Amino acid sequence: DQFAGGTKALAEAIAQSKAFSIAGGGDTLAAIAKFGVTDQIGYISTGGGAFLEFLEGKELPAVAALEKTRRVNGLI
């Protein structure tokens with residue numbers, strides 16, 4: 001794989017960082033598994049694109065529906 005060296009270096013740098021790490025997306029999860037750093041990642045999401053949109057602060061339809069239901073039922 002043309003980019004394996006760089007991907008491995010990045011995965012290892014994130015794993016060794018003292019910062020809380022978050023990983024998501026199919027290719028990212030495959031890379032951290034391939035390079036054996038899965039247990040050194042703080043949070044792993046299998047949510048794919050929805051996970052990334054959530055991190056970007058975008059509105060997710062399912063989350064919006066749950067929030068609306070809570071408001072309608074006076075739960076918040």
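Contact list please: Cβ distance under 9 Å, first residue in segment 6-35 and more than 23 Å from residue 53 (Cα to Cα) and charged (D, E, K, R), second residue at pLDDT below 95 and exposed (fewer than 14 other Cβ atoms within 10 Å of the Cβ), pairs at least six apart or on different chains.
34/4
What helices (runs of 4 or more DSSP H), lying completely within segment 11-76, carry at least 3 residues that are out of contact with any Gly (no Cβ under 6 Å at 6 or more places or on another chain), among the β-branched types (Val, Ile, Thr) and farther than 28 Å from residue 1 by Cα? Spell out how you get there, then give the answer.
Working: elements: 26-34, 49-55, 61-72.
The helices (runs of 4 or more DSSP H) meeting that bar are 61-72.
The values are calculated or read from the model by the stated rules, or taken from the named source; none is laboratory data. For clarity, every value in this text was computed on a predicted model and none was experimentally measured. FYI the Cβ positions are ideal-geometry reconstructions off the backbone, even for glycines, and counts take in every protein chain you see.
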